[in-house]
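In what follows, a single structure is set out as structure tokens and then discussed.
Rule-based calculations on the coordinates, nothing more; no lab input. Since the model is a prediction, treat every value here as computed from it, not as a measurement. Here the Cβ positions follow ideal geometry from the backbone for every residue, glycine too, while neighbour counts run over all protein chains shown.
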Amino acid sequence: AQRVTQPEKLLSVFKGAPVELKCNYSYSGSPELFWYVQYSRQRLQLLLRHISRESIKGFTADLNKGETSFHLKKPFAQEEDSAMYYCALSGPSTSGTYKYIFGTGTRLKVLA
Amino acid sequence: NAGVTQTPKFQVLKTGQSMTLQCAQDMNHEYMSWYRQDPGMGLRLIHYSVGAGITDQGEVPNGYNVSRSTTEDFPLRLLSAAPSQTSVYFCASSAGLAGHEQFFGPGTRLTVL
């Protein structure tokens, strides 16, 4: 089955501590992976995608095809990182169209 | 550009009422979709469209209808509202699906009593 799993509903860390938001996927093929973020009272927006191999707001994510994971990491959390984070994948479906699948989300709380 | 706009922002309905959630985008995107966001469930795809005149069901289509008469607009209709449809609804658009960023609207918070 095609699925994106985010095992943690809530992750609380202290300011300055490292952060890792986990994302595992199940997909037959080569999907493209994304992280989206939703700050309080704002709309969902793209944070980063694996094909860009970029660092946004200090966050990075490496696609590990062997472990089918795309964990989001930041070495030093900031209070403004507190938000809801969604992992997502895009890839062809069995019907020939493309699918976009979101995980259930992880709420990150960065404590002062 | 306004991006993706949604109206209304908030709505309260009684069970059995019908209504239409509006969504429009001014980026000439072919792909548009509707999601509902529920605690612990993440974003679930309701319906999507790959272009004007073409729509298809997502993961949770029951109780909802869509149409796509123009590239810009993608309204979502609740036929007979039920309390289980209390949720936050997001519309999104993208230039495509394969590796493309989805642009989201601000959401509509719907409560069905």
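The alpha-carbon atoms of chain B define a convex hull whose volume equals 92 cubic angstrom per residue. Think of each Lys and Arg Cβ as +1 and each Asp and Glu Cβ as -1; about the Cα centre, that makes the dipole of the protein assembly as shown roughly 540 debye.
Each Lys and Arg Cβ is given +1 and each Asp and Glu Cβ -1; about its Cα centre, chain A then shows a dipole of about 220 debye.
Among the residues of B:36-44, the average count of other protein chain beta-carbon atoms within 10 Å of the residue beta-carbon is 5.
Averaged over its residues, how many other protein chain Cβ atoms are within 10 Å of peptide A:25-34's Cβ atoms?
Details: counts 0, 0, 0, 0, 0, 0, 2, 4, 1, 4.
Mean inter-chain Cβ contacts per residue within 10 Å come to 1.
Counting only the Cα atoms, the protein assembly as shown fills a convex hull of 123 Å³ per residue. Each Lys and Arg Cβ is given +1 and each Asp and Glu Cβ -1; about its Cα centre, chain B then shows a dipole of about 460 debye.
At each listed q (0.15, 0.25, 0.29 Å⁻¹), what is the log10 of I(q)/I(0) that the Debye formula gives for the stretch A:1-70 modelled as equal alpha-carbon point scatterers? Per q value, in the given order, log10 I(q)/I(0) is -0.57, -1.39, -1.49.
At 25 °C and 0.890 mPa s, grab the translational diffusion coefficient of the stretch B:1-67 from Stokes-Einstein with a Kirkwood Rh over Cα pairs, rounded to a whole number in µm² per second. Please report the intermediate quantities before stating the final value.
On the way: Rh = 13.5 Å.
D, rounded to a whole number, is 182 µm²/s.
Toward the positive end of the charge dipole of chain B, with +1 on the Cβ of Lys and Arg and -1 on the Cβ of Asp and Glu, the farthest Cα among B:THR70, B:MET27, B:GLN57 is that of B:GLN57.
I'd like to know which of A:GLY29, A:PHE14, A:SER55 lies farthest towards the positive end of the charge dipole of the stretch A:1-81, counting +1 on Cβ of Lys and Arg and -1 on Cβ of Asp and Glu. Of the options given, the answer is A:GLY29. With contacts taken as Cα pairs under 8 Å and at least 6 residues apart, chain B reaches a relative contact order of 36 percent. Across peptide B:103-110, the mean count of Cβ atoms from other chains lying within 10 Å of each residue's own Cβ comes to 3.
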